[in-house]
Amino acid sequence: MENTFAEHFANDWIDSWNSHDLQRILHHYDDDFEMSSPKIIQLANEPTGTLRGKVAVEVYWAKALQLTPDLHFKLITILVGVNSITLYYQGAQGRLAAEVFHFNQEQKVTKAFAHYSSLTESS
């Protein structure tokens, strides 16, 4: 994973979420990607916390955006791995979050794992 790609991805991903443009957000992902998040359990009523495919995730994210109209992310740092990136950012209600993204050859996300803190950045 090259740092230039990681920085471009991170900035575009944050900007996409902050624009609330669901199609722009989904552009980062492969059609068959898998998303895991504790929020999926709550919002999508999926006990495994995992959704598969853009269609399923689009429904979940549309609901999340509707429930959080003032959603704004602030990037804190980018961690680069092997075919993966972790974004550490301040998310909804100032809560800290980290998302791990795994990429395919086309540099589309195939798997994403979201992690959330109960703390805010100022805590």
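FYI, it's all coordinate maths here, none of it is from the lab. What you see is a predicted model, and the numbers here were worked out from it, not measured in a lab. So basically every Cβ, Gly included, is an ideal-geometry build from the backbone, and we count neighbours across all protein chains shown.
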Mind checking the full-extension length gain between residue 42 and residue 8? Use 0.36 nm per residue of separation minus the Cα-Cα distance, one decimal, nm. 9.1 nm
What are the ³J(HN,Hα) couplings of region 39-45, residue after residue, when phi is run through the Karplus curve with 6.51, -1.76, 1.60 and θ = phi - 60°? Round to Hz, x for glycine and proline. 6, 5, 4, 6, 7, 9, 6
Along the Cα→Cβ direction, 7 angstrom out, place labels at residue 79 and residue 93. What is the inter-label distance in nm? 2.4
In whole percent, what relative contact order does region 3-120 give with Cα contacts below 8 Å and a gap of six or more residues? 24
